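The values are calculated or read from the model by the stated rules, or taken from the named source; none is laboratory data. These figures come from a predicted structure and were not determined experimentally. Neighbour counts are summed over all protein chains in view; Cβ atoms, including those assigned to glycine, are modelled from backbone coordinates with ideal geometry. Keep in mind that these areas ignore ligands, DNA and RNA; they rest on the heavy atoms of the full protein, side chains included. Shrake-Rupley method; radii C 1.70, N 1.55, O 1.52, S 1.80 Å.
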Amino acid sequence: MSEVPENYAQELAETIAEFEKYRERFLSETLEAGQKAKLMKSQVMASLAPELAAIDEKIAELRQQQANLTAGN
């Protein structure tokens, strides 16, 4: 039965890492596109804020799940 939580913990860690990579790629690619379109960085960041907040919220939820799982063992 301990195998399921270990697999789940590993999957959580991988999912968190993927979300973090996605966030960085999304931010850098969008900023790059904004620069090419000659938009101010502040304009681009303002339009990205809701999306970044949603990604950050999901990462925080996953980290909380990971902490709860670790605390339970």
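Looking at the chain, which trypsin sites (Lys or Arg not before Pro) are in a loop (DSSP not H, G, I, E or B) and have at most 12 other Cβ atoms within 10 Å?
Numbers: sites: K21, R23, R25, K36, K38, K41, K58, R63; in loops: K38.
Filter output for the chain: K38.
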Response to the item:
Compactness check, the range 7-72: C-alpha Rg relative to the 2.2 N^0.38 Å globular estimate gives 1.40
Item to complete: Note the angle between two axes, namely the Cα long axis of helix 41-72 and the longest principal axis of the Cα atoms of the chain, as a number of degrees from 0 to 90, rounded to the nearest 10.
Response: 10
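Counting only protein heavy atoms, what percent of the accessible surface of the chain is carbon or sulfur at a 1.4 Å probe? Each step should come with its number before you reach the end.
Details: 3060 of 5570 Å².
Taking all protein chains in place, the chain shows 55 percent carbon and sulfur surface.
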Worksheet item: If you plug each phi of the range 15-23 into the Karplus form 6.51 cos²θ - 1.76 cosθ + 1.60 with θ = phi - 60°, what whole-Hz ³J(HN,Hα) values come out, in order, with x for Gly and Pro?
Response: 5, 4, 4, 5, 4, 5, 5, 4, 4
Fill in: Qualifying chymotrypsin sites (Phe, Trp or Tyr not before Pro) in the range 1-57, DSSP loop, other Cβ atoms within 10 Å at most 14
none
